[in-house]
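K.L.:
One structure, as structure tokens, below. Some questions next.
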Amino acid sequence: MSISDIPQLRPFDVSAKDGILTVTIRKEFDFGALHQDWSHVIITMNPGPFEQICIDMTLCGLVSSTFFAGLMQLHFHYTGVGSRPLTLIHPDPRVVRNLAVMRMQPMFVIIDR
């Protein structure tokens, strides 16, 4: 058994199909240290370019500042290689409010819950 055979614990799932990268944030995103470097892992495994990036937040509630930092990393990387603005699917209303307070809301397309 090699290190690559060991399953990685990640609080998100990623799928790429037809030019769309979808990242599903799971409920346990902020538990422990599972969320560390989450965006770096996504960018390394899926450098793009992609036409569209969708972040599905249906399963999670309020997230920490680490999430927002990673979201910005994804934004700068993927828009830098030609993707449309990231789409946040069904974020918790508190997340939308935090984006507005940080003046980050206009950077994303938001599909409300």
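The values are calculated or read from the model by the stated rules, or taken from the named source; none is laboratory data. Keep in mind the model is a prediction, meaning the values are calculated, not measured. Here the Cβ is made from the backbone with ideal geometry for all residues, glycine too, and neighbour counts use every protein chain on show. Keep in mind that these areas ignore ligands, DNA and RNA; they rest on the heavy atoms of the full protein, side chains included. Shrake-Rupley method; radii C 1.70, N 1.55, O 1.52, S 1.80 Å.
K.L.:
Work through the residues other than THR22 whose Cβ is under 14 Å from its Cβ and net out their charges, Lys, Arg +1 and Asp, Glu -1.
P.N.:
Within the 14 Å Cβ shell, the charges total -1.
K.L.:
Here is a further query. Tell me what the chain gives for mean residue ellipticity at 222 nm when only DSSP H runs of n ≥ 4 count, each as -39,500 (n - 2.57), the sum divided by the residue total, rounded to 500 deg cm²/dmol.
P.N.:
-9000 deg cm²/dmol
K.L.:
I've got another one for you. Of the heavy-atom accessible surface of the chain (probe 1.4 angstrom), what whole percent is carbon and sulfur?
P.N.:
58 percent
K.L.:
Another question about this same structure. Show me the chymotrypsin sites (Phe, Trp or Tyr not before Pro) within the stretch 18-113 that DSSP assigns to loop and that have at most 11 other Cβ atoms within 10 Å of their Cβ.
P.N.:
Listed in order of number, the matching sites are PHE31.
K.L.:
Using Cα pairs closer than 8 Å and at least 6 residues apart in sequence, work out the relative contact order for the chain, in percent.
P.N.:
Dividing the mean separation by the residue count of the chain yields 24 percent.
K.L.:
To the nearest 10 Å², what's ASP37's accessible area with a 1.4 Å probe?
P.N.:
110 Å²
K.L.:
Accessible area per residue, 1.4 Å probe, Å², for the chain: what's the number?
P.N.:
Accessible area per residue: 58 Å².
K.L.:
What is the sum of charges, Lys and Arg at +1 and Asp and Glu at -1, for the other residues whose Cβ falls under 14 Å from the Cβ of LEU88?
P.N.:
Summing Lys and Arg as +1 and Asp and Glu as -1 gives +1.
K.L.:
Turning to a different aspect of this structure: Round to the nearest 0.05 the FRET efficiency obtained for GLN105 and THR44 when R0 = 25 Å and r is the Cβ-Cβ distance.
P.N.:
The value I calculate is 0.35.
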